[in-house]
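Everything on this sheet refers to the single structure shown next.
The values are calculated or read from the model by the stated rules, or taken from the named source; none is laboratory data. Quick caveat: nothing in here was measured; it's all calculated off a predicted structure. Using ideal geometry, Cβ is built from the backbone for each residue, glycine included, and neighbour counts are taken over all protein chains shown. In case anyone asks, the SASA skips ligands and DNA or RNA and just uses the protein heavy atoms, side chains included. Shrake-Rupley method; radii C 1.70, N 1.55, O 1.52, S 1.80 Å.
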Amino acid sequence: MKRLLKNAKSQPLVMRLVWLALIFEFCAGLIAARYASSFVALGTFGLTLLPLLFAKRYHIYIPRSFMAGIVLFLFATLFLGEVGDFYNRYWWWDVVLHAGSALGFGLIGFVAIFILFQGDRYAAPPWAIGMFAFCFAMSIGALWEIFEYAMDQAFGSNMQKSGLQDTMWDLIVDAGGGLIGAISGALYVARERGSLFAGPFAGLFRDFITRNARLFAKFRSK
């Protein structure tokens, strides 16, 4: 626990501000008998700690900017979206979050296949890595839409809002975000093999690969 707290203190300021806001809302909700908001705040706080626990458990360095993005996404989705009712107050809130999540999953998909093949140009050329990353992001998006449909059917909720229109626009946005993440990964691999443009997230990828060198022995030996 002490190591976790020490690691938390070293995280970006925006993450610590999010944690403070969640703790404040949890306490304020208990005092004002708003137990639902307190529960959401506590649950969100717990979920924002999972990336830190994952990194510690598997000895993987996650770039600070990406860690901050995960925490902000969870805060915006679960707390602002549900407690703050941002989904109903701002029509574009769901669109932005879907685009952000798809971009993130596209980047994660690239990293996953890159770790698997360690940059082997014959086993996984840049275009194949990009295609896998895109498919990974779209798969997560499709599974989420299935989850929304199941929740609406089972509990009478309204997660899909306008039904087919909402689902299709969500998937279109997912495709756009996933495509950006996938192309970014493919460009980075191509750049490391002699191309000119490394893509918009080259610094993020380079930071991850450098700090997790043991996962990319084959790639770094070339």
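Tell me whether the chain comes out rounded, prolate or oblate; compute the Cα gyration tensor, take square roots of the eigenvalues as a ≥ b ≥ c, and use a/c under 1.5 as the rounded threshold. Cα axes put the chain in the oblate bin. A simple spin-label model places the labels of residue 47 and residue 92 2.4 nm from each other, with each point 7 Å out along Cα-to-Cβ.
In segment 1-112, a dipole from Cβ-located charges (positive for Lys and Arg, negative for Asp and Glu) runs towards its positive end, and of 53, 104, 70 it is 53 whose Cα lies farthest in that direction. For the chain, the solvent-accessible area with a 1.4 angstrom probe is 58 square angstrom per residue. For segment 161-177, backbone phi angles converted through the Karplus equation (6.51, -1.76, 1.60; θ = phi - 60°) give residue-by-residue couplings of 6, 8, x, 4, 4, 5, 4, 5, 5, 4, 5, 5, 5, 4, 5, x, x Hz, Gly and Pro being listed as x. Under the rule a/c < 1.5 gives rounded, and otherwise a/b versus b/c splits prolate from oblate, where does segment 1-114 land using the Cα gyration tensor? The shape class here is oblate. Given a Förster distance of 22 angstrom, what is the FRET efficiency for residue 82 paired with residue 142, based on the Cβ-Cβ distance and rounded to 0.05? For R0 = 22 Å, the calculated efficiency reads 0.45.
Our summary gives segment 3-134 a relative contact order of 19 percent, counting only alpha carbon pairs under 8 angstrom and 6 or more residues apart. Think of each Lys and Arg Cβ as +1 and each Asp and Glu Cβ as -1; about the Cα centre, that makes the dipole of the chain roughly 1580 debye.
Within segment 56-127, the chymotrypsin sites (Phe, Trp or Tyr not before Pro) that combine a DSSP coil assignment with at most 10 other C-beta atoms in a 10 angstrom radius are 91, 92, 122. Across the chain, C-alpha contacts under 8 Å between residues 6 or more apart give a mean separation that, scaled by the residue count, equals a relative contact order of 20 percent.
Distance between the 7 Å Cα→Cβ label points at residue 214 and residue 16: 2.9 nm. Available extension along the chain between residue 169 and residue 127 is 12.5 nm, counting 0.36 nm per residue and deducting the alpha carbon span.
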